[in-house]
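Right, one structure below, let's go through it.
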Amino acid sequence: MRYIPEYFEFQNPTKIIAGNQALSSLPSEVQKLGVQKPLVITDQGIVKFGLLDKVKSALGNSKSLLDLVFDKVPPDSSIDIVNEATRLYKSNGCDGIIAIGGGSVIDTAKGINIMISEGTDNLLNLRGHDRLTKPHKPLIVIPTTSGTGSEVTLVAVVANPQTHEKMLFTSPFLQPALTVLDPEMTVSLPAHLTAATAMDAFTHALEAFSCLQKNPFSDSYAQVAIELVAENILKAVKNGQDKEARYRLALAGTAAGVAFSNSMVGAVHGIGHTVGAISHVHHGMAMAILLPHVMKYNIDQMADRYAPVWNWIFPEADGSHNETNEQKTLKVIQWIHELNLKLHQLTGMPNDLEKAGVKREQLHEIAHQSLNDGAMIANPKEIDENDAFNILNDAFKI
Ligand SMILES: [Fe+2]
């Protein structure tokens, strides 16, 4: 019988426009939101690879909407960048934000929106869970990767360069007003980043579906995301110009974002965040490497939550009636290992922590610090430092 919690909440206020030519709807949507002078937030890679120009050409006569551009967002959004862009927003009397980019760009835009909408000059005062108090200015997101889900989530992560911390903000006010998913915006994403971001989306969905805070609505979004990643990740990696695969991966990333934003993630993210912080491994790559090992750790208590995934990944397969939930879960784990190996062979993406640059002597520190990560409490099986170390040790060298 389907698991339904005694109480849960579900919210997705973000309007989603998706498909080929979706960008052409932007002028009328911006108008509906009452935005006349948006600040565009992006990074120099987006400008250099012509993605800003792609949006401009899709806007035709309305391209002046993109006249005011802040393009200095670094790979990890930081409080200093948020402050600098906020000054630009204020000095130009802007009334909304258009974010064009990946997770760091979107998180920067959310950080600016906190500063403006809350009327604060210090972002630090509002970090944490549910500290924001007012509806925000319209935030329009045009993602250029398919994975973080930040285009629909209630989360923003902004780095504090003074303390080397990643500050977390969560609030329903952070959910963007509009997201535009146009495959034209992801066709030039390199193969290794296509692979890593898609595995991040897959992990969001799988953890949302199995974690302690799951609910039937987040489950539905998670299922869509898992099916779409499984069907399309190798197609998009092998041929970046495959717009159908790109479109489907974009939908997967967003669906997975809605799923985990309304449930939670788990130990793959808890340990993976710490692998990123200590060993500077790309987030999606850390997810891909750790996912099968965390599932193996959870399997004795959670096989019934993992087993449905088998049917979504292998919709044509026979014999499911004869297999136990544990056997199905082991097949899913094996499929992920094989997928990681293919992605490694096709793109060079590391499929173990050693190849990702983690040092064996860092494993104890990662295990220790990962217990402080908020995602750990939603993992379906309790996890201590020794367990976390064993997971890391298993993932160290394949
Ligand atoms: Fe993630």
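The values are calculated or read from the model by the stated rules, or taken from the named source; none is laboratory data. Keep in mind that what you see is a predicted model, and the values were worked out from it rather than measured. Every residue, glycine as well, gets a Cβ built from its backbone with ideal geometry; the counts of neighbours run over all protein chains shown.
Do we have Gly34 as assigned to a loop (DSSP other than H, G, I, E, B), in the same structural domain as Glu165 (by TED's automatic domain parsing) and farther than 21 Å from Thr153 by Cβ here? Judged against the criteria, Gly34 is a match. Filtering the stretch 165-184 to residues that are farther than 21 Å from Asn83 by Cα and part of a loop (DSSP other than H, G, I, E, B) leaves Ala177, Asp182. Among all residues of the stretch 227-240, there is at least one that is within 16 Å of the ligand (Cβ to nearest atom) and crowded, with 24+ Cβ neighbours inside 10 Å. Inspect all residues belonging to the stretch 309-322 and state whether any of them is within 28 Å of Asp373 (Cα to Cα) and assigned by TED's automatic domain parsing to the domain that holds Ile383. Yes. Annotation note: Cβ proximity below 8 Å between a residue of the stretch 283-298 that is in contact (Cβ under 8 Å) with a residue 60 or more places away in the chain and a residue that is among the charged types (D, E, K, R) and away from the ligand (no atom under 13 Å from the Cβ) (sequence gap 6+ or interchain) occurs for Ile289/Asp352; His293/Asp394; Lys296/Asp394; Tyr297/Lys381; Tyr297/Asp387; Asn298/Lys381. Every condition in (1) over 20 Å from Leu174 (Cβ atoms); (2) crowded, with 24+ Cβ neighbours inside 10 Å; (3) in contact with a Gly (Cβ under 9 Å, 6 or more places away or on another chain) is met by His280 except one, and the failing one is (2). Counting only residues that are touching a strand residue (DSSP E or B) at 6+ places or on another chain (Cβ under 7 Å) and more than 14 Å from the ligand (Cβ to nearest atom), which one in the stretch 243-282 is farthest from Ile16 (Cα to Cα)? My answer is Ala250.
Kindly list, by first and then second residue, each pair from a residue in the stretch 22-40 that is closer than 9 Å to Leu65 by Cα to a residue that is acidic (Asp, Glu), limited to pairs with Cβ atoms under 7 Å and residues at least 6 apart or on different chains. As it stands, the answer is Gln36/Asp95; Lys37/Asp95, since those pairs meet every condition given.
Only one entry in His192, His204 is more than 11 Å from the ligand (Cβ to nearest atom) and more than 17 Å from Ile97 (Cβ to Cβ), namely His192.
When only residues in the stretch 207-218 that are under 21 Å from Gly270 (Cβ atoms) and of a type outside the set (S, T, N, Q) count, which is surrounded by the most Cβ atoms within 10 Å (Cβ to Cβ)? Outline the logic, then answer.
Step one: list which residues in the stretch 207-218 are under 21 Å from Gly270 (Cβ atoms), which gives 207-215, 218.
Checking the rest, the ones that are also of a type outside the set (S, T, N, Q) come to 207-209, 211-212, 214.
Details: Glu207: 30, Ala208: 32, Phe209: 25, Cys211: 24, Leu212: 13, Lys214: 25.
My answer is Ala208.
Where strands (runs of 3 or more DSSP E) sit wholly within the stretch 46-164, those with at least 3 residues that are surrounded by fewer than 24 Cβ atoms within 10 Å (Cβ to Cβ) and out of contact with any Cys (no Cβ under 9 Å at 6 or more places or on another chain) occupy 155-160. Scanning the stretch 181-206 for residues that are in contact with a strand residue (DSSP E or B) (Cβ under 8 Å, 6 or more places away or on another chain) and under 27 Å from Met264 (Cβ atoms) returns Leu181, Thr186. Looking only at residues in the stretch 241-268 that are under 20 Å from Met185 (Cα atoms) and touching a Lys or Arg at 6+ places or on another chain (Cβ under 7 Å), which one is surrounded by the most Cβ atoms within 10 Å (Cβ to Cβ)? So, considering only residues that are under 20 Å from Met185 (Cα atoms) and touching a Lys or Arg at 6+ places or on another chain (Cβ under 7 Å), the one surrounded by the most Cβ atoms within 10 Å (Cβ to Cβ) is Ala245.
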